[in-house]
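Shown next, in structure tokens, is the structure this report addresses.
Derivation of every value follows stated rules applied to the coordinates shown; laboratory data play no part. The model shown is predicted, which means the values in this text are computed figures rather than measured ones. In this analysis, Cβ positions are derived from the backbone assuming ideal geometry, glycine residues included, and neighbour counts consider all displayed protein chains.
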Amino acid sequence: VGLQVHQFPCLADNYGFLIQDQASGIVACIDSPDAQAVLAQLKLRGWTLSLIINTHWHHDHAGGNDALREATGALVIAPAEVARVSRPDRVAIPGETCWVGETGLQIIDTGGHTLGHVSFHDPGSSVAFVGDTLFAMGCGRLFEGSPHQMWQSLQRLASLPPETIVYCSHEYTEANCRFALSVDDDPAVRQRAERVADLRALDLPTVPTTIGDELSTNPFLRAPLLKPGLSEVEAFAALRKLKDEFCG
Ligand SMILES: [Zn+2]
């Protein structure tokens, strides 16, 4: 029982995710970066898509919704902001639960990258799908929200159990590593950078990560330690600005 997660690369540096509730066999995709890629992965596994679940409205997350809905008849469950790309059949509201068969995904407000960004946490299987909010050693750019909103969102994810397996939506880890090394000389960061380099040299994914690994090596979660003397939000904002301007 629990949730089976199938991760696959698509577009330039996105990951797509198909999830299956083992009790019922019900299948959902988390985001729809590339409808054809999602359909090919479904076919490969002999899975039937019932639900399309979105984290935010960006095209590399919701752009495949309509083609997938047309091809499969799946229902779209998404934050209201996704309506600008594709009409949700049900709106995903933070604090509520999104059911995939017998698996209840808790909907978490993780606004900041976009205002209505949400993440999904299954406490039963200890997995979380965090879209473009938290990355391995990084976090999403603030396209719509304020540093305060994003810091609050990151704290909601950071407070999940440390063993939580975190599925983020992009393979950005090598670049995130270069930035992390420029602001944080903690040995854990250097050790992780070596592991990341080894994985990427073999063209292997660095996703998923865990909350525990991010707490110890992610410069954005460690912002208050790296910028002492500033408030937590100011420290986070300062690091986010440095990263935006970083040419590593
Ligand atoms: Zn995005």
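Assorted remarks:
- Within the span defined as the stretch 181-191, every residue fails to be within 30 Å of Asp21 (Cα to Cα) and among the polar types (S, T, N, Q).
- Qualifying position, being of a type outside the set (Ser, Thr, Tyr), more than 16 Å from the ligand (Cβ to nearest atom) and free of Cβ contacts under 8 Å to residues at least 40 places away in the same chain, among Arg156, Arg190, Arg178: Arg190
- The residues listed here are Gln149, Gln106; of these, the one that is of a type in the set (S, T, N, Q), within 16 Å of the ligand (Cβ to nearest atom) and without any contact (Cβ under 8 Å) to a residue 40 or more places away in the chain is Gln149.
- The number of residues in the stretch 171-182 that are crowded, with 17+ Cβ neighbours inside 10 Å and either over 24 Å from Gly131 (Cβ atoms) or among the polar types (S, T, N, Q) (or both) comes to 3.
- Among (1) surrounded by fewer than 19 Cβ atoms within 10 Å (Cβ to Cβ); (2) under 21 Å from Leu226 (Cβ atoms); (3) within 16 Å of the ligand (Cβ to nearest atom), the one test that Gly140 misses: (1)
- Qualifying residue in the stretch 121-135 (condition: touching a residue at least 60 places away in the same chain (Cβ under 8 Å), among the charged types (D, E, K, R) and away from the ligand (no atom under 16 Å from the Cβ)): yes
- Scanning the stretch 159-174 for residues that are within 16 Å of the ligand (Cβ to nearest atom) and touching a Gly at 6+ places or on another chain (Cβ under 8 Å) gives Cys168, Ser169, Tyr172.
- Of the listed requirements (1) touching a His at 6+ places or on another chain (Cβ under 9 Å); (2) more than 16 Å from the ligand (Cβ to nearest atom); (3) part of a helix (DSSP H, G or I), Glu81 misses just one: (2).
- Number of the condition not met by Leu226 [criteria: (1) in contact with a strand residue (DSSP E or B) (Cβ under 7 Å, 6 or more places away or on another chain); (2) over 27 Å from Ala12 (Cβ atoms)]: (1)
- Elements of type helices (runs of 4 or more DSSP H) contained in the stretch 18-77, each with 2 or more residues being surrounded by fewer than 22 Cβ atoms within 10 Å (Cβ to Cβ) and hydrophobic (A, V, I, L, M, F, W, C): 35-45, 65-72
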